[in-house]
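See below for the structure under consideration.
The values are calculated or read from the model by the stated rules, or taken from the named source; none is laboratory data. Here the structure is a predicted model, which is why all the values come from computation and not from measurement. When we count neighbours, we look across all protein chains shown, and the Cβ atoms used for this are built from the backbone with ideal geometry, even at glycine. The protein model used for the area step is the full one, side chains on, heavy atoms only, and it has no ligands, DNA or RNA in it. Shrake-Rupley method; radii C 1.70, N 1.55, O 1.52, S 1.80 Å.
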Amino acid sequence: MDEAEDGGGKIKPLIEKATDSTAAYVEPRLLKAIKCTVRYSDVELRLAAQTLMDLMKRDHSQVRYLSLLIVDELFMRSKLFRSILVEKLDQLLTLTVGFKRNLPLPAPPSVATILRSKAIEFLEKWNSSYGVHYRQIRLGFDYLKNTLRLQFPNIQGNAARIQQERREKEMRSKEILQNKFRTLEENLPSMKQEIQATIDEINQCLEIVTCKEENSLLSHIDDDDDNDEKFRSLELQQIRLNSLKEADKVHEDAENRVVFDTLRELYKLLVTKHLISVQGWISVLIRVEITNARLRDSMLKELIDFRNQIQLVKKKCAESGCSLPAIPKNGKEEEEEDFWEEGKVETIQRTGSSNEPKKLNESLAESSTCGEVKNPSTGCSNRKSEKHELPGNLLRQADSDPVRSKLLEKAPVMSWGSSLDNWGPNKDVLANQRGMEFENHWGRVDYDAVIPAGRIAELNLSASLYKEEQVEIQPCSAPLRKGGLCPRRDLRVCPFHGPVIPRDDEGNPIIGNTSDEGSRVSETAYMESNERLGVDSVEQLAKQAVKNVRDRGHDDARKRKMEKQLVKRAKLAKVREHNEAVLKDAALASTSGYGGVDGADGELVARSSSNSKKETLASMLRPKITRKDRLSQRLLNTKAKDATVRQLTQGEDAKYREAFPNQW
Amino acid sequence: MWREIANREAGKTRPNSFKSRVTSGLSSDLQLSNHKDIVSPHRGSVNSLQVDLTEGRYLLSGAADASTAVFDVQRATEYEGGGAIAKHRHVFAIDKQHRAAHKFAVSTAIWYPIDTGLFITGSYDHYIKVWDTNSTQVVMNFKMPGKVYRAAMSPLATSHMLIAAGTEDVQVRLCDIASGAFSHTLSGHRDGVMTVEWSTSSEWVLVTGGCDGAIRFWDIRRAGCFRVLDQSRTQLGRRLPVLRRSMTNKKKTVTGNGAKQQLALGRTPGKGSVKLRMHPGLLSTQDRATAHYGAVTGSRVTEDGMYLLSAGSDSRLRLWDIESGCNTLVNFETARLQTSKPIQMATSGDSRLAFVPCMTAVKAFDLWSGETSMVLRGHYENVNCCWFSSQDQELYTGGNDRQILVWSSSKPHEDVSVAEDGDNWSD
């Protein structure tokens, strides 16, 4: 008995402590402590059930809510706890769900709604896991569901439904895969033939081309032998080699145009159709589940061989240097593929420095010069800032041609727009020649109507916005007393640390670093900067001010970030404080009993802390009193007083009869 | 348990004491039965429950949605949870779809005491109907002057087939099934009659309790009521002391009133006894006596027919000695009772426990000391009726939450489910 009393001292304060909080969850440490305490002692468990039921009766939804959370934790774990609590389940439900009209849930309404929904959820959970063992749970569930018609979340049902849906989806996709596999099985031989034929043709084309190449190469070598003695200089030799290499590439001309055309066509076919379809089949084969694994493996092997072959051919084509069509730009239907192939095209262009890219570059350069003529101011302003953003491959190509590179350096990068559509041509446009018939009832159509070039240029005039160059303002970064560096970003002078000067990582000024004393250093730095300030021209200051105004947006963002950091820091501090408090409590609880002076101290601490907490709990309850409320309150008071007086006098004898019916 | 059986085998204990020991053991720890569910088809509060008196197998329930249902409490219709839970669905139910069904709430449903071929329902639509169980058709209709609160048939009757009906009306009517007419109209109450009970010791004696707070005893062979219980006439203990009784008997024989002693219920000697007999209409002073302040909402005669337990809207329970007509002054612990509706109480077979619906709970009182021995909580709304089946030692309760709950001793059923339902400490 003594032991029981002793043990009883332990769980009760723990639970009270745990429920005495404004948080939306039970402090995990306390919960753990409660579980540990209760696990090994039935006495504690009984006491815990009793305490929790008592707490449930408190007139505060927050307390009830936290108790409910603890109840759920214990309910799902201990059988004894279940059997105790099940006896009072109706009471528990009344207090947590608040289905009785004369017993609504208490004050903070926001918490009350959470409490109710949580209680309903828990009841459902309990019913699904322990309903078989406890008639009371079944009854309660049934009552809430069928009599009161409360909405249960039906978690399990939902989960099952989702599972079912997913399974169906999987089945469907499997079915589709199977179908694909079947068609693949049927079509494979014909496809194989087709691909093989294409590859063969490409190879033949390449052969024709390379034959010529060899011829030319031979001649070049002869040349080389002849001229060997003439050119000794190393640089010259290098240049020559380069040019030779350039010449190695077969160039398209009138006589081999047919071959090239065929090659291009075939290449396109190979890359856009065969390669993609082969890859698709491979993925289908990998994903599909069929019983005949051997067949699948063999097919997979075949397909992979094909893919490798195709890639090989592709590479060969690229190496051969024939001008290859830019595949995706040839009007493929899918936009995504356009995006996707972009990189590939570039690589092709890069590897094969053939006629077409050159042409493209030239046209680009030309257009840029045009742009300069048309809009010189834009060009000039943008040129320097954007130069280094030119695509790498263009630059590299530009290296080979000094004139072009020079031009490129000057060329502005235009933003994309419709004005680029008819950039170069400076001629009139026929208005009514769009491939459509405009003969209609509106009258005769003048097919020779012309829009003058000036008008076109006017329509296509591209506007560009002036963009201010962004400047990063250096932080002051003077060492702070509490450690760290000053994060202020001022243009010239920090209001706390004087002028902004370059400093190293620890905050020491870099300029005056050689002198020994820090104070003097800063002083000299200050003087220096002052001087510099004097030197600074007014003009510069004005410029800076303008820039400052422009950068205000940036500053704002930075400020917001700073604020966020501050808030975060405050939160961290609070968490730390709380952790310490909890640790202290845990330590107190774990010491055996509240014996002696220490115990008294602990209790005192606990009481004081609970007092301070209770304030917060109470503050949750406190309603906001308006003037109207106060008036009505006063009115009510007088009315109520009258009523009670009347009632008291009236009910006197009735009460007497009720109270002493057995006395006579 | 086994030792007791061995004792009985050896003849050390007598059959009666053995039986009473077993039954009291079973009935003293009733719990909500997890193994027996009665699936209620009712959509309104259950107002009346009765297990048939012949087989102890069929439970008849009447509910506020004008429906009546019969359940087989011995054999389950289906099992759930791996055979752990036996579900008892209704054998048949009569609801408003039935052509001859009641229009309003069924307030009482009782079995014909001789067999299960007939049952009787009374309803707030002013009708008492007699049903054939097998064809579920109405065989007889009695139109009453007001809402029917309670109907009763004598479990002992051999010479009459009367249904006593307590209604909104002040008169108690006895409906004769044999003729299909009202055979008696008993007037005396000054307000509606909420409870009607036949004596369990005499087939002629009827006990009625009214909204005027009076409990009246009627001998149906004579006109008028022969006793009105008065809460101020009391006796301490179960019976009058033997000495006084024998003395009074002697007096009676001296005065030559012995003939009257042959009545099944002896008259208590007293001042007014002579006048009583001379004036069956009673003296006005005695006629105005009340058993409760307020309405009498429930009454129950113990199985031996010697005591009457009554409940009133003053939230009191009183135990009356029927023979003397005195309040025995058993102090039942305070309990709040439902006041607006008649309640149906039950007593255990050995008259040791009284089961009383107290709002949402059913309380089991020790009949002789008045102490609460059990509080059975399970209903979520007020409980209206309970019935104790002395054959199974089970209690059936019905309430406003539309449920019919079974309460039984937990002892015989400690089996499969225990293994599954264990502790689950993960940390």
* Pick from the range A:130-141, criterion open to solvent by 10 Å² or more (accessible area, probe 1.4 Å) and outside any helix (DSSP H, G or I), ranking: farthest from the other protein chains (Cβ to nearest Cβ) -> A:Y134
* Can you pull out the residues in the range A:460-478 that are open to solvent by 70 Å² or more (accessible area, probe 1.4 Å) and farther than 21 Å from A:P412 by Cβ? -> A:E472, A:Q474
* Structure fact -> B:I85 vs (1) within 14 Å of chain A (Cβ to nearest Cβ); (2) buried (at least 16 other Cβ atoms within 10 Å of the Cβ); (3) closer than 14 Å to B:I404 by Cβ: all pass except (3)
* Just need a number here: residues in the range B:23-58 that are more than 14 Å from chain A (Cβ to nearest Cβ), assigned to a loop (DSSP other than H, G, I, E, B) and more than 19 Å from B:W111 (Cα to Cα). => 1
* May I ask you to say which residue of A:L92, A:L85, A:L66 is open to solvent by less than 10 Å² (accessible area, probe 1.4 Å), among the aliphatic types (A, V, I, L, M) and over 17 Å from B:G378 (Cβ atoms)? => A:L66
* To do: Could you check, for the range B:88-96, whether at least one of its residues is small (G, A, S) and under 20 Å from B:D219 (Cα atoms)?
  => no
* Among B:S183, B:S179, B:S201, which is open to solvent by 50 Å² or more (accessible area, probe 1.4 Å) and part of a strand (DSSP E or B)? -> B:S183
* Structure fact -> Selection over the range B:384-408 where residues are more than 14 Å from chain A (Cβ to nearest Cβ) and open to solvent by 10 Å² or more (accessible area, probe 1.4 Å) yields a count of 6
* **Check on A:K180, over 30 Å from B:T360 (Cα atoms) and in contact (Cβ under 8 Å) with a residue 60 or more places away in the chain** => yes
* When only residues in the range A:69-101 that are within 22 Å of A:T147 (Cβ to Cβ) and in contact (Cβ under 8 Å) with a residue 40 or more places away in the chain count, which is farthest from the other protein chains (Cβ to nearest Cβ)? -> A:T96
* Number of the exception - A:P104 against (1) outside any helix (DSSP H, G or I); (2) more than 14 Å from chain B (Cβ to nearest Cβ); (3) touching a residue at least 24 places away in the same chain (Cβ under 8 Å); (4) of a type outside the set (G, A, S) -> (3)
* Asked: Which of the strands (runs of 3 or more DSSP E) contained wholly in the range B:288-378 include at least 3 residues that are open to solvent by 10 Å² or more (accessible area, probe 1.4 Å) and either within 14 Å of chain A (Cβ to nearest Cβ) or on the phi > 0 side of the Ramachandran plot (or both)?
  -> B:372-377
* Structure fact -> Of the candidates B:N34, B:N47, B:N7, the one satisfying the condition of being over 25 Å from the mean Cα position of the chain (by Cα) and in contact (Cβ under 8 Å) with a residue 60 or more places away in the chain is B:N34
* Residue identified as of a type outside the set (G, A, S) and under 23 Å from B:G398 (Cα atoms) among B:V22, B:V73 -> B:V73
* Asked: (1) over 22 Å from B:S389 (Cβ atoms); (2) outside any strand (DSSP E or B); (3) away from chain A (no Cβ under 14 Å): which one isn't true of B:V138, the others all being true?
  -> (2)
* Structure fact -> Of the residues in the range A:142-164, those that are away from chain B (no Cβ under 14 Å), open to solvent by 100 Å² or more (accessible area, probe 1.4 Å) and of a type outside the set (S, T, N, Q) come to A:R161
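Residue-wise test of (1) small (G, A, S); (2) under 20 Å from A:V284 (Cα atoms); (3) in a helix (DSSP H, G or I); (4) at pLDDT 85 or above.
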residue	(1), (2), (3), (4)
A:D200	no, no, yes, yes
A:L206	no, no, yes, no
A:N215	no, no, yes, no
A:D223	no, no, yes, no
A:D226	no, no, yes, no
A:I239	no, no, yes, no
A:S243	yes, no, yes, no
A:E252	no, no, no, no
A:E265	no, no, yes, no
* Structure fact -> Residues of the range B:143-159 being open to solvent by less than 10 Å² (accessible area, probe 1.4 Å) and part of a loop (DSSP other than H, G, I, E, B), in sequence order, are B:M144, B:G146, B:S154
* Determine, yes or no, whether A:F122 is in a helix (DSSP H, G or I) and within 13 Å of chain B (Cβ to nearest Cβ). => no
* Taking A:V413, is it out of contact with any Leu (no Cβ under 8 Å at 6 or more places or on another chain) and either open to solvent by 100 Å² or more (accessible area, probe 1.4 Å) or modelled with pLDDT of 75 or more (or both)? -> no
* Asked: Looking at the range B:59-66, is at least one residue open to solvent by 20 Å² or more (accessible area, probe 1.4 Å), touching a Gly at 6+ places or on another chain (Cβ under 9 Å) and either more than 14 Å from chain A (Cβ to nearest Cβ) or part of a loop (DSSP other than H, G, I, E, B) (or both)?
  -> yes
* Test B:E381 against the criterion of being within 16 Å of B:I343 (Cα to Cα), modelled with pLDDT under 90 and facing chain A (nearest Cβ under 10 Å), and give yes or no. => yes
